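Heads up, the thing below is written out as structure tokens.
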Amino acid sequence: MPAVLHQIENRAGDAPAEDWRAIAATLRRYVRGRTSRTDVVEDVVQETLSRLVQQGRVQKLLSVYALGFRIAANLLIDHHRRDSRYVAESGEETASLAPSPHRVLAGRQEVAILKEALAAMPPLRRDVLVRRRLHGQSCAAIAKELGLSAKAVEKHITRGLANLHKAMPGDTAGREAVR
């Protein structure tokens, strides 16, 4: 069981005269800065103080703070390893990276709606939009190949995108912008 701070201070002659409250406060700040787990902070600080006192009984400590920081860092690593081992052994399934069946169905429905909207467009508008958005052609290249002006290509793209937005369910902002 780790020593409590007032037990360390009450032992006359056991350890060199250190300001254990200042050491504990410094260790607390150090540990808080390295973990978001508030429940671990006091445990690590108390265990660190206990080990510092034990080490101080065996040999003269050159730097209580340096050794304390090293002990605290190692204890934090031990806590992290223990926690990660517990999570791995707990049997909880990790979240799948695959989309949920609901999301897959919604995506298929959206693709079907977009296909219908593309089919309903005038052929030239559909051709311009497909070339620009799916094939990545520049407006200038599309204009040259189809014998249109660059402004006409831009208008076809703008109107085509507006048609697609209007076709999507729940897109009230897109519908209002088109009107």
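The values are calculated or read from the model by the stated rules, or taken from the named source; none is laboratory data. Because the structure is predicted, anything quoted here is derived from the model rather than measured. No Cβ is skipped: glycine too gets one built from the backbone with ideal geometry, and neighbour counts run over all protein chains shown. Quick note on the areas: whole protein, heavy atoms, side chains included, nothing else; ligands and nucleic acids left out. Shrake-Rupley method; radii C 1.70, N 1.55, O 1.52, S 1.80 Å.
How many nm separate the modelled label positions at residue 100 and residue 81, each set 7 Å beyond the Cα in the direction of the Cβ?
3.8
To the nearest 10 square angstrom, how much accessible area does residue 39 have with a 1.4 angstrom probe?
90
Report the equivalent ellipsoid semi-axes for region 17-159 in whole Å, largest first, defined as the square roots of five times the eigenvalues of the gyration tensor built from alpha carbon atoms.
69, 22, 11
Find out how many positive minus negative residues lie around residue 27, taking Lys and Arg as positive, Asp and Glu as negative, among other residues whose Cβ is under 14 Å from that of residue 27. If you can, show how the numbers build up before the last one.
Working: positive: 21, 28, 29, 32, 34, 51, 70; negative: 18, 19, 42, 43, 47.
It works out to a net charge of +2.
Need one value: the accessible area of residue 115 in square angstrom, 1.4 angstrom probe, rounded to the nearest 10.
140
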